[in-house]
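Contents: one structure, followed by commentary.
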């Protein structure tokens with residue numbers, strides 16, 4: 001088992017069978033899912049078992065119906081064009097491997113304590129609020145993400161999320177241009193010395 005921490009994210013390194021080197025497979029960004037994946041790897045589970053991206057269970061079919069019903073009701077009440085079908089939602093979910101399009105968190109119907117909504121349940125989000133509920137203008141995101149985007153949009157959410165991560169030291173600040181230059185120069189010097197030997 002090879003797990004590597006790189007830029008604040010864990011990766012599983014899978015050896016290529018027919019050539020040298022490794023394939024870097026990103027593990028979940030969700031702390032609970034990451035803990036489950038790491039424990040599974042440490043117990044010797046197969047990669048496909050741990051990182052398999054099948055739909056998260058039989059509840060998906062019923063939930064797709066519920067999402068479609070809610071989207072059509074909202075569209076009708078607000079006078080917004082809607083041509084989404086059950087198959088469209090299923091295709092979007094499959095393309096996203098049944099994970100939130102923006103956060104990458106695996107969907108689930110687990111309840112969050114003291115919350116009215118299921119935070120990680122899938123929901124339909126319109127990318128451009130001026131457009132309708134169409135396959136090219138929609139994505140499947142978790143309810144918590146959809147609620148966060150509803151009022152202010154993705155740019156405000158991104159700014160807030162980045163500020164939160166920096167404040168709590170979950171992200172490293174960007175390097176200055178001078179720092180990058182000195183790293184590049186140091187790397188080139190080391191590379192040149194290696195070639196001369």
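Mind listing just one residue for me: the one in segment 28-43 that is at pLDDT below 75 and part of a loop (DSSP other than H, G, I, E, B) and, of those, surrounded by the fewest Cβ atoms within 10 Å (Cβ to Cβ)?
So the residue we want is 29.
Between a residue in segment 117-144 that is outside the structural domain of residue 76 (by TED's automatic domain parsing) and any residue that is at pLDDT 95 or above and assigned to a helix (DSSP H, G or I), which pairs come within a Cβ distance under 6 Å, given they are 6 or more apart or on different chains?
So the pair list comes out empty.
Restricting to segment 17-27, what's the tally of residues that are in a loop (DSSP other than H, G, I, E, B) and either modelled with pLDDT of 70 or more or in contact with a strand residue (DSSP E or B) (Cβ under 6 Å, 6 or more places away or on another chain) (or both)?
Final tally of qualifying residues: 3.
Does residue 60 satisfy the condition of being modelled with pLDDT of 80 or more, surrounded by 14 or more Cβ atoms within 10 Å (Cβ to Cβ) and closer than 20 Å to residue 137 by Cβ?
Details: modelled with pLDDT of 80 or more: yes; surrounded by 14 or more Cβ atoms within 10 Å (Cβ to Cβ): yes; closer than 20 Å to residue 137 by Cβ: no.
It is false that residue 60 is modelled with pLDDT of 80 or more, surrounded by 14 or more Cβ atoms within 10 Å (Cβ to Cβ) and closer than 20 Å to residue 137 by Cβ.
Taking residue 81 and the conditions (1) in contact with a strand residue (DSSP E or B) (Cβ under 9 Å, 6 or more places away or on another chain); (2) modelled with pLDDT under 90, which numbered condition does it fall short on, given that it satisfies the others?
Going through the list (1) in contact with a strand residue (DSSP E or B) (Cβ under 9 Å, 6 or more places away or on another chain); (2) modelled with pLDDT under 90, residue 81 breaks only (2).
The values are calculated or read from the model by the stated rules, or taken from the named source; none is laboratory data. Computed from a predicted model, the values in this text were never measured in an experiment. Glycine gets a Cβ as well: all are built from the backbone with ideal geometry, and neighbour counts include every protein chain shown.
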